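Chemist: First the structure, then my questions, so here it is.
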Amino acid sequence: MSVDTLLIEIGCEDLPARYQRPLAETLRDTLAQGLDDEGVSRGSARAYATPRRIAVCIEAVAHAQQDRAIERTGPALSVALRDGQPSPAGLGFAKSCGVEFDALERTQTDKGEYLLYRATQPGQSTLELLPELFARALKQMDRQVPKRMRWGAGDATFVRPVQWLCAMHGEDIVPLTAFGLAAGADTYGHRFHAPVELRLDRADHYVERLREAKVWADIDSRQAEIAQQVRAAGEALDGAARIDADLLAEVTDLVEWPQAVAGRFESRFLQVPAEAIVLTIQDNQRYFPVFDAQGQLLPAFVTVANIVSRDEAQVVAGNERVVRPRLEDALFFWQQDGKRPLAERLDELQRVTWAKGLGSLRDKALRLEALSGTLAPHFGADAAVAAQAGRLAKCDLVTLMVFEMPELQGIMGGHYLRAEGADEAVAAAVSSHYRPAGPEDALPESSAGRAVAAADKLDTLAGYYSIDAIPTASKDPYGLRRAALGLLRLLLASESSASWQALLGAPDFALSAEQTQALKGFLQERLRGLLTEAGLPAQCVAAVRDSAAGPLDTQRRAAAVAGFMRTPAGDALAASSKRVRNILRGAQGEAAADIDPGRFEAPAEEALHQALRQGEWEAALDEADYAAALAQLAALQAPIDAFFADVMVNAEDAAVRANRLALLAAFDAACSQVADFEVLASGG
């Protein structure tokens, strides 16, 4: 069967960058799946997108479905025939198959002989199938766009008004109609370089003809070309352009024929901290900043135009003219904010509510001062430095710069302190105390910075839990999961041995016992996720949850238990522990309070008792050497096996029975000091 490339293109007014790729991928995937479902053979499918088009090309699409063999089993012959003549049941089956009764075959089955209809259904033309497949694709694409537009007098909607449809299968035009348009063989090149319609003679010429018309349709290669041009332009400025991945993707979706253009701004703006300039030119203007070999920002940028200009100097001047007022604003904010010491802004925070029912930002700042000093020893930080940084951490929130550029909170506080000549350790802690802001964000580098960051996140968690503003499965409006994960990452990375008790008792909030337990459980659940993502088995983390003193202790115990459970001794001890726990659970508190050696009746009882008394796991636990503790506990395996082999726990004498249960309770208590082995034995 002959095959050809299938092309479908939706031409639009300029599309928002954020929708181009999802829409193109949905069109590709839905059409490809539709062809597969209809039994139309095809090759690979590729999505294309530019600001003016969404398209898909699918290679080697057959011109029709494969012929399909049809088999239908009818009624049993004993039912289909009556006195040798077709019965109503037999005639009805033939009619439903569209044939005469005599055209039906007979087939032998385990249940007897039945009527059988066999036929070959010719495959439907691909051109006939595509309108329905395209309609399905449009419905799927609509789901990608929450708000769609109407235009003209029709009822059709799309993310932007549709101006043309191009649909071809090889040389044939696909008979699609949508948006009040009929598909044809015409597409359009670049708006300015090739504004007239472009007639395609074959679908597989699509990319090549568009390239001739100054449209780079392939997203990935267009993005690679932009990156190469931006790097080259940065080198021409004697620097290196910093290419942010998100910005590169956005710029790729804004142009059809990329042309990198270098520009400059006055050196006087460099007195503004680099982060503010980068935010201005990168996030607001979509320019790529340029840095020198030492990592210092240069008074230059690279932007990407969507046209090859006959007078590039005018393009450069236009971009420089646009960015100058924004940099003037940033310079003004910097100069005005610098007229007052940062510490003087503490009282201004009183006018800013942190959260309803939780006081002002000044209240939070004073709590951070105390809490940062309290947590400092857990991070190996100077308490005085951490406390001072905690007091000043939120002061930049009432500066002009941060009011206009909230993304710079904390960062600007550090710069203002450095400009005042403050202690660098304090400035560094202030500038980094919001980190980590997400799972990929770096941690503060200084110990004081980590202490203040941990204090900020812990204060936030305790504050919201104190007013029962607790996250649900679907809602976390205050970002408490992010705060919890950040706090735990800080503690683990700093190898802080802070206990749950020390952490939850430190914030200046009157949490009830129930609220404290809920917050601990919330943190433990987030910790479980972190540790399992790091490769620790979930059941090992669950097994040490109750015995661990804090986050780092949880990690270390779980790691030791994971190693132990990879040995035969681990499986054996877990099985014995589970057996012991089941016996104790069934005894319902019959165990004696103390073990009485005088009631031992079998050597195995004495042997287990001596092993429990002489074991050195407690000394290993005191040193937090969990691998050694587990090795000591493994020595209990032989005496517990002998005990079960030689001793009847459920003795007739109640006192003997209670004594034996007390012996098992001691075994259970010894194992539980490291982990809950019943969890390990059950696999969860």
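Chemist: Give me a count of the residues in the range 394-409 that are over 17 Å from Ile281 (Cα atoms) and touching an Asp or Glu at 6+ places or on another chain (Cβ under 7 Å).
Modeler: 4
Chemist: Residues in the range 395-406: is at least one of a type outside the set (Ser, Thr, Tyr), buried (at least 24 other Cβ atoms within 10 Å of the Cβ) and farther than 14 Å from Leu368 by Cα?
Modeler: Scanning the range 395-406 turns up at least one residue that is of a type outside the set (Ser, Thr, Tyr), buried (at least 24 other Cβ atoms within 10 Å of the Cβ) and farther than 14 Å from Leu368 by Cα.
Chemist: Given Ala419, Ala428, Ala389, which one is closer than 26 Å to Ala484 by Cβ, surrounded by fewer than 24 Cβ atoms within 10 Å (Cβ to Cβ) and among the hydrophobic types (A, V, I, L, M, F, W, C)?
Modeler: Ala428
Chemist: In the range 299-321, how many are surrounded by fewer than 20 Cβ atoms within 10 Å (Cβ to Cβ) and under 30 Å from Gly414 (Cα atoms)?
Modeler: 2
Chemist: Six or more apart or on different chains, Cβ atoms under 8 Å: show the pairs whose first residue is in the range 236-256 and modelled with pLDDT of 95 or more and whose second is surrounded by fewer than 16 Cβ atoms within 10 Å (Cβ to Cβ) and small (Gly, Ala, Ser).
Modeler: Between residues of the range 236-256 that are modelled with pLDDT of 95 or more and residues that are surrounded by fewer than 16 Cβ atoms within 10 Å (Cβ to Cβ) and small (Gly, Ala, Ser), the close pairs are Gly239/Ala293; Ala240/Ala293.
Chemist: How many residues does the range 1-24 contain that are farther than 18 Å from Glu256 by Cα and of a type outside the set (Val, Ile, Thr)?
Modeler: 5
Chemist: Can you report the number of residues in the range 383-424 which are outside any helix (DSSP H, G or I) and either in the same structural domain as Pro273 (by TED's automatic domain parsing) or more than 17 Å from Asp456 (Cα to Cα) (or both)?
Modeler: Qualifying residue count, the range 383-424: 5.
Chemist: Considering only residues of the range 224-258 that are surrounded by fewer than 18 Cβ atoms within 10 Å (Cβ to Cβ) and among the polar types (S, T, N, Q), which is farthest from the chain's Cα centre (by Cα)?
Modeler: Gln229
Chemist: Tally the residues that are closer than 18 Å to Val56 by Cβ, among the charged types (D, E, K, R) and touching a residue at least 40 places away in the same chain (Cβ under 8 Å), restricting the search to the range 172-193.
Modeler: 1
Chemist: Sticking with this structure for a sec: What's the number of the condition Lys457 fails, among (1) touching a Leu at 6+ places or on another chain (Cβ under 6 Å); (2) in a loop (DSSP other than H, G, I, E, B); (3) charged (D, E, K, R)?
Modeler: Of (1) touching a Leu at 6+ places or on another chain (Cβ under 6 Å); (2) in a loop (DSSP other than H, G, I, E, B); (3) charged (D, E, K, R), only one is false for Lys457: (2).
Chemist: Out of (1) of a type outside the set (A, V, I, L, M, F, W, C); (2) under 22 Å from Ser446 (Cα atoms); (3) at pLDDT below 95, what's the single condition that is false for Arg489?
Modeler: Of everything listed in (1) of a type outside the set (A, V, I, L, M, F, W, C); (2) under 22 Å from Ser446 (Cα atoms); (3) at pLDDT below 95, Arg489 misses just condition (3).
Chemist: I'd like the full set of residues that are surrounded by fewer than 17 Cβ atoms within 10 Å (Cβ to Cβ) and polar (S, T, N, Q), limited to the range 1-40.
Modeler: Selection gives Ser2, Gln33.
Conditions tested, residue by residue: (1) touching a residue at least 12 places away in the same chain (Cβ under 8 Å); (2) small (Gly, Ala, Ser).
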site	(1), (2)
Asp396	yes, no
Glu404	yes, no
Gln409	yes, no
Arg418	no, no
Ala427	yes, yes
Ser431	yes, yes
Glu440	no, no
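Chemist: Restricting the first residue to the range 30-41 and requiring it to be within 11 Å of Thr126 (Cα to Cα), which pairs with a second residue that is surrounded by fewer than 19 Cβ atoms within 10 Å (Cβ to Cβ) and hydroxyl-bearing (Ser, Thr, Tyr) meet a Cβ separation below 9 Å and a spacing of at least six or different chains?
Modeler: Leu35/Ser41
Chemist: Might you let me know whether the range 135-147 holds any residue that is assigned by TED's automatic domain parsing to the domain that holds Gly11 and at pLDDT below 90? Can you show your working first?
Modeler: Initially, the range 135-147 is screened for residues assigned by TED's automatic domain parsing to the domain that holds Gly11, giving 135-147.
Then keep just the ones that are at pLDDT below 90; that gives 146-147.
Within the range 135-147 (the criterion being assigned by TED's automatic domain parsing to the domain that holds Gly11 and at pLDDT below 90), the answer is yes, since at least one residue qualifies.
Chemist: Pairs please, first residue from the range 140-158 and of a type in the set (Gly, Ala, Ser), second anywhere and part of a strand (DSSP E or B), Cβ atoms under 8 Å, 6+ apart in sequence or on different chains.
Modeler: From the range 140-158, the pairs are Ala156/Arg150; Ala156/Val162; Ala156/Ala178.
Chemist: Search the range 456-481 for residues being in contact (Cβ under 8 Å) with a residue 24 or more places away in the chain and more than 17 Å from Ser512 (Cβ to Cβ), and hand back the single one that is surrounded by the most Cβ atoms within 10 Å (Cβ to Cβ).
Modeler: Leu458
Chemist: Working carefully through the options Asp283, Asp363, find the one that is at pLDDT 95 or above and part of a helix (DSSP H, G or I).
Modeler: Being at pLDDT 95 or above and part of a helix (DSSP H, G or I) holds for just one of Asp283, Asp363, which is Asp363.
Yes/no per residue for (1) at pLDDT 90 or above; (2) crowded, with 16+ Cβ neighbours inside 10 Å:
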{"site": "Pro551", "(1), (2)": "yes, yes"}
{"site": "Thr554", "(1), (2)": "yes, yes"}
{"site": "Ala558", "(1), (2)": "yes, yes"}
{"site": "Gly563", "(1), (2)": "yes, no"}
{"site": "Ala574", "(1), (2)": "yes, yes"}
{"site": "Ser577", "(1), (2)": "yes, yes"}
{"site": "Ile583", "(1), (2)": "yes, yes"}
{"site": "Gly589", "(1), (2)": "no, no"}
{"site": "Pro597", "(1), (2)": "yes, no"}
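Chemist: Return yes or no: is Glu59 modelled with pLDDT of 95 or more and surrounded by fewer than 22 Cβ atoms within 10 Å (Cβ to Cβ)?
Modeler: yes
Chemist: Given (1) in contact with a strand residue (DSSP E or B) (Cβ under 8 Å, 6 or more places away or on another chain); (2) under 20 Å from Arg211 (Cβ atoms); (3) buried (at least 22 other Cβ atoms within 10 Å of the Cβ), where does Thr50 come up short, assuming only one miss?
Modeler: With respect to (1) in contact with a strand residue (DSSP E or B) (Cβ under 8 Å, 6 or more places away or on another chain); (2) under 20 Å from Arg211 (Cβ atoms); (3) buried (at least 22 other Cβ atoms within 10 Å of the Cβ), Thr50 is out only on (1).
Chemist: Restricting to the range 541-553, what's the tally of residues that are assigned to a helix (DSSP H, G or I) and either touching a Lys or Arg at 6+ places or on another chain (Cβ under 6 Å) or assigned by TED's automatic domain parsing to the domain that holds Ala635 (or both)?
Modeler: So the answer is 2.
Chemist: Right, next: If only one of Lys356, Lys339 is loosely packed, with under 14 Cβ neighbours inside 10 Å and either under 30 Å from Gly421 (Cβ atoms) or in contact with an Asp or Glu (Cβ under 6 Å, 6 or more places away or on another chain) (or both), which one is it?
Modeler: Lys339
The values are calculated or read from the model by the stated rules, or taken from the named source; none is laboratory data. Everything numeric here is computed off the predicted structure, so don't read it as measured data. Note that each Cβ is placed from the backbone with ideal geometry, even for glycine, and that neighbours are counted across all protein chains shown.
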